[in-house]
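To keep things clear, I will list the structure first and then write my remarks on it.
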Amino acid sequence: MDVKMTKNQVTDALRNVVEQIEYKPIDLSDTAAKLRTKFTNLHGLRLVATLVPDDLAIHVADEVFDRIIKLAPREKVRIGFGGGKVLEVAMRLLARRLAEAYRNEEPNLPRNPVFGGLLAGTNPKPYEGANAGLRFFLEHDELKDRVHYEIIPAPPIVRRKHHRELRENVHGIAKLFTHEQPQGAPEEVFDIVVTSCGAFCGHSFLEGLYGDPEQKDDLARITGAKDFIGDLMWHPMSSKGHLELDLDFLPVTRLHVNHLRKMVSSGKHVILVAGRCRKCREFKHPIIKTASRMGFVNVVITDVLTGSNLLESISPR
Ligand SMILES: [Zn+2]
């Protein structure tokens with residue numbers, strides 16, 4: 001049989017075979033129970049038995065919906081979403097679930113939920129890129145007049161000097177960032193935050209943000225930094241927390257990772273979603289370990305293989 005395949009298709013096929021071999025049934029409840037004893041500061045942990053990154057989205061939607069219901073009845077519940085494909089799918093599912101709940105007049109629904117993008121768009125069109133998922137909330141009649149949403153109308157990465165200007169002066173952005181606004185300090189704006197993270201390979205964060213030749217020195221500073229383990233909400237991280245680097249370009253995000261820590265310490269819900277790298281399948285357990293241990297997040301949703309690696313990384317055989 002003459003089968004023509006591109007190089008990429010061959011690589012994908014081999015990867016799938018390797019993953020089938022690699023995947024052996026793991027006792028989910030046992031791994032989760034052990035992890036819970038090691039990460040006592042987490043008040044939510046979901047291990048999903050899947051090799052498909054998008055499967056995490058179902059659990060993200062369930063987790064966020066449950067937490068919205070816990071916070072209601074309130075006039076407003078404010079939910080911030082980071083970027084990435086899994087979170088985009090999760091927003092689609094959550095929008096459907098919320099619409100169904102309002103249609104059926106289920107109890108304990110917030111009157112006016114607010115959804116906010118945490119990262120600036122990666123595309124000049126506001127309906128594409130990191131905030132694309134927010135539009136799903138406008139596609140349901142039950143949600144149209146009820147749900148409010150906020151995006152950051154800015155490029156995703158700007159020079160340090162413009163970053164400050166952007167935060168302080170630009171209409172709309174200033175309102176989102178200014179501490180004196182009625183919304184309060186950044187860490188007080190959201191009740192629930194859902195953030196993604198990137199692995200050490202840097203495929204999501206470095207390729208997406210620092211791909212311009214002008215930014216090659218910054219890229220070298222990040223990849224060359226001692227103990228770089230990946231990113232949390234576009235902020236480079238080491239195993240000790242946020243990596244403070246002297247970069248010329250900074251990503252435009254609505255919250256700094258250090259705001260997440262303040263949210264966690266004041267009992268808000270910070271959910272970390274960490275599947276494997278979509279491109280090279282790199283695991284993200286080092287980021288989960290740091291983010292959980294150091295109090296940047298208090299809920300983790302990941303796949304079972306990552307969970308198993310996480311357990312192994314803290315209790316080596
Ligand atoms: Zn990768």
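The values are calculated or read from the model by the stated rules, or taken from the named source; none is laboratory data. Because the structure is a prediction, the values reported are computed rather than measured. All Cβ positions, glycine included, derive from the backbone under ideal geometry; neighbour counts span all protein chains shown.
Of note:
- Sub-6 Å Cβ pairs linking a first residue in segment 279-298 that is of a type outside the set (Ser, Thr, Tyr) to a second residue that is part of a loop (DSSP other than H, G, I, E, B) and within 16 Å of the ligand (Cβ to nearest atom), at least 6 apart or interchain, are Lys279/His203; Cys280/Cys201; Glu282/Ala199; Glu282/Cys201; Phe283/Arg276; Lys284/Ala199, ordered by first then second residue.
- Inter-residue pairs, beta-carbon under 7 Å, first farther than 16 Å from Val60 by Cβ and in segment 193-205, second assigned to a loop (DSSP other than H, G, I, E, B) and of a type in the set (Phe, Trp, Tyr), 6+ apart: Ala199/Phe283; Phe205/Trp234
- Segment 27-42, subset assigned to a loop (DSSP other than H, G, I, E, B) and surrounded by fewer than 15 Cβ atoms within 10 Å (Cβ to Cβ), residue modelled with the lowest pLDDT: Asp27
- Filtered residues of segment 232-268 (kept if out of contact with any strand residue (DSSP E or B) (no Cβ under 9 Å at 6 or more places or on another chain), touching a residue at least 40 places away in the same chain (Cβ under 8 Å) and in a loop (DSSP other than H, G, I, E, B)): Lys240, Ser266
- Test set (1) under 18 Å from Val114 (Cα atoms); (2) at pLDDT 80 or above; (3) assigned to a helix (DSSP H, G or I) - Arg146 fails condition number: (3)
- Only one entry of Ile287, Ile271 meets the criterion of being crowded, with 19+ Cβ neighbours inside 10 Å and in a strand (DSSP E or B), and that entry is Ile271.
- Selection status of Ile229, within 16 Å of the ligand (Cβ to nearest atom) and outside any helix (DSSP H, G or I): yes
- Unmet requirement for Asp2, which otherwise passes all of (1) over 30 Å from Arg254 (Cβ atoms); (2) modelled with pLDDT of 90 or more: (2)
- Number of the exception - Ser308 against (1) under 30 Å from Ala185 (Cα atoms); (2) in contact with a Ser or Thr (Cβ under 8 Å, 6 or more places away or on another chain); (3) of a type in the set (Ser, Thr, Tyr): (1)
- Number of positions in segment 58-86 that are more than 12 Å from the chain's Cα centre (by Cα) and assigned to a helix (DSSP H, G or I): 13
- Residue in segment 43-62 that is surrounded by the most Cβ atoms within 10 Å (Cβ to Cβ), counting only those that are among the charged types (D, E, K, R) and modelled with pLDDT of 95 or more: Arg46
- So Arg281, is it within 16 Å of the ligand (Cβ to nearest atom), part of a loop (DSSP other than H, G, I, E, B), touching a Leu at 6+ places or on another chain (Cβ under 8 Å) and not aliphatic (A, V, I, L, M): no
- Segment 193-211: number of residues that are of a type in the set (Gly, Ala, Ser), more than 8 Å from the ligand (Cβ to nearest atom) and either at pLDDT below 90 or not in a strand (DSSP E or B) (or both): 2
- Restricting segment 149-176 to residues that are in a helix (DSSP H, G or I), at pLDDT 85 or above and closer than 19 Å to Val257 by Cβ, the residue that is farthest from the chain's Cα centre (by Cα) is Arg160.
- Residues that are more than 16 Å from the ligand (Cβ to nearest atom) and within 15 Å of the chain's Cα centre (by Cα), drawn from segment 291-316: Ala291, Ser292, Phe296, Val297, Asn298, Val299, Val300, Ile301
- Looking across segment 145-168 at every residue that is within 30 Å of Ala101 (Cα to Cα), touching a helix residue (DSSP H, G or I) at 6+ places or on another chain (Cβ under 6 Å) and of a type outside the set (Phe, Trp, Tyr), the one that is surrounded by the fewest Cβ atoms within 10 Å (Cβ to Cβ) is identified as Val147.
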